[in-house]
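Bear in mind these aren't lab numbers, they're just calculated from the coordinates by the rules spelled out. Bear in mind that the values here come from a model prediction, so they are computed numbers and not experimental data. All Cβ positions, even for glycine, are placed from backbone atoms using ideal geometry, and neighbour counts span all protein chains on display.
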């Protein structure tokens, strides 16, 4: 087996440098028992899916999740987006609504949410569920008002809506009277804040009374959303927004970062990502990387994220992966701190992650498979060089394994690496 690892080492290194590699995580199913933001994308029967708007909405939502993470120290859990085709045509919806801009907001809101409730997509009586509904169909969403809307209960739970115009702004596709993308994301963050039970930082100015807004108003997205992302949340006695979210059960996910250098980086995820779709996991570096590679140890072959024919669509914390960066960037990972993790290893080469937070010398980190592996490699992107540890030699250039890094490990037999 020593011969097998030595023989394969050169091939792995050459392949990695020539094309790059990355993880083949299995991906875990979404946790449907924890308090969650349920994400719905709604359109009328005769309104064809606009994939550009849907993709932009997904990316924008991840942007807002990271922003909340920066403000609160943790962020909200969400489930996989569900596309919902309405039961009526545009004309049928408009026979019930005026379908005119900024009119009949309450009627439109309840028409959409009411249908989703009847069909089992929404349960406003569930205190552990928040719903975010993006309405693609212009004729319906124009009636949702400008910029959007939300409903919440003092018992928990809530609903936020986002309309066609905001989807266009996020996608940078509108042509007349556009908001900026950041302003539209501020609207999304603002309406979600309402769904999380955050009020405006003053009395309801829409009631027609004088505006008693105090000096804090321009510091919070619950009022100054056009300044997003250069606006925050309040943590003052009269407006304890951050404290309220820290105690909101939907805010259960941690935020960690991984530094990425230009060129190839061999990394892993320091958290169990939520969600695990590669587009969500890497959304914070969208536009800064061009390809990701993973490794299928069973087939001894690479997985790629190429749009055409790519077979790497999910990432998890147990696998390492290669990512080629066009620029220096910081990857923000949203997820749960994994507990004890077991990583199955197959005889031969495995590309593994480091799913725990404490850096350790390799002989300690890999103690559970002592005698079952020959060598482990790490890639130093700052110097474009390999580091290694070989237990048979008792030394090497790899002195420490740590979170955010990926590792090539050659196992002499099938085994189970236990970490954490």
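Provide the gained length on full extension for the span residue 238 to residue 382, in nm with one decimal, where the gain is 0.36 nm per separating residue minus the Cα-Cα distance.
47.1 nm
Of the listed peptides 337-348, 67-78, what is their order by residue-averaged count of other C-beta atoms within 10 Å, with the highest listed first?
Ranked from most to least packed, the peptides come out as 67-78, 337-348.
Using the number of other C-beta atoms within 10 angstrom as an exposure proxy, rank 281, 37 with the fewest first.
By the 10 Å Cβ count, ascending: 37, 281.
Using Cβ contacts closer than 10 Å as the measure, can you line up 325, 222 from fewest to most?
Going from sparsest to densest Cβ surroundings: 325, 222.
Working out 0.36 nm times the residue gap between residue 257 and residue 330, then minus their Cα-Cα distance, what length gain in nm do you get to one decimal?
25.6 nm
With each pseudo-label sitting 7 Å past Cα toward Cβ, what's the residue 277-residue 172 distance in nm, one decimal?
It is 2.1 nm.
With a 10 Å Cβ neighbour count serving as the proxy for reagent exposure, in which order, fewest first, do 296, 254 appear? Walk me through the intermediate numbers first.
On the way: 296 15, 254 18.
Sorted ascending by nearby Cβ count, the order is 296, 254.
Between residue 70 and residue 413, 0.36 nm times their residue separation minus their Cα-Cα distance comes to what? Intermediate results must be reported in sequence, preceding the final value.
Numbers: separation 343, 0.36 × 343 = 123.48 nm, distance 4.33 nm.
Extra length from residue 70 to residue 413 when fully extended: 119.2 nm.
What FRET efficiency, computed as 1/(1 + (r/R0)^6) with R0 = 25 Å and r the Cβ-Cβ distance, is obtained for residue 95 and residue 180, rounded to the nearest 0.05?
0.10
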